[in-house]
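Below: the structure, in structure tokens.
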Amino acid sequence: MSRYLILLPAPEAEWAELPAEAHESGQASHEQFHADLAAGGHEILVAGPLEPSADATSMRPDGSGGTLVTDGPFTESVEQIVGFYLIRSGDEADLRALCERFSSRGELIEFRKMAE
């Protein structure tokens, strides 16, 4: 069994402006994804949304053995990681197919197999 990290990047500013119906549709899409995963024998180890990237804390080496700590995201970009799934599965092909179906409902996904 391998583990897979499903990252959910999204443009936070646009996402925050979406009407309630769009958020309800997104929630329904996630519920369907959960059902599809369970039906396929894939195990969600942990999943969840993340607080906004503006609330992140970045930590970088300062070059002299210490750490530079700053408020805010590590990098500036249009899309931020807004949520994730960590899944255990013995069938990568089926998991990829489920992720493609999930994505076809409007979800942007980054599919990553964890190093063994």
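Throughout, read-outs are computed from the coordinates displayed, never taken from laboratory work. Owing to the predicted nature of the structure, the values given are computational and were not obtained by experimental measurement. Don't worry about glycine lacking a Cβ; one is built from the backbone with ideal geometry, like all the others, and counts go over all protein chains shown.
Across all Cα atoms of segment 2-113, the radius of gyration (one decimal) and Dmax (whole number) stand at 16.4, 52 Å. Among His30, Ala47, Val82, flag the residue with its Cα farthest along the positive direction of the charge dipole of segment 2-113, charges on Cβ as +1 for Lys/Arg and -1 for Asp/Glu. It is Ala47. Roughly what angle does helix 20-39 make with the longest principal axis of the chain, taking Cα atoms, 0 to 90 degrees, to the nearest 10? Once rounded, one gets 60 degrees.
Estimated from helical segments only, the mean residue ellipticity of the chain at 222 nm is -10500 deg cm²/dmol, where each DSSP H run of four or more residues counts as -39500 (n - 2.57). Contact order, relative form, for the chain: 49 percent (alpha carbon pairs under 8 Å, 6 or more residues apart, mean separation divided by residue count).
Could you state the angle between the C-alpha long axis of helix 92-104 and the longest principal axis of the C-alpha atoms of the chain, as a value from 0 to 90 degrees rounded to the nearest 10? Between helix and principal axis, roughly 80 degrees.
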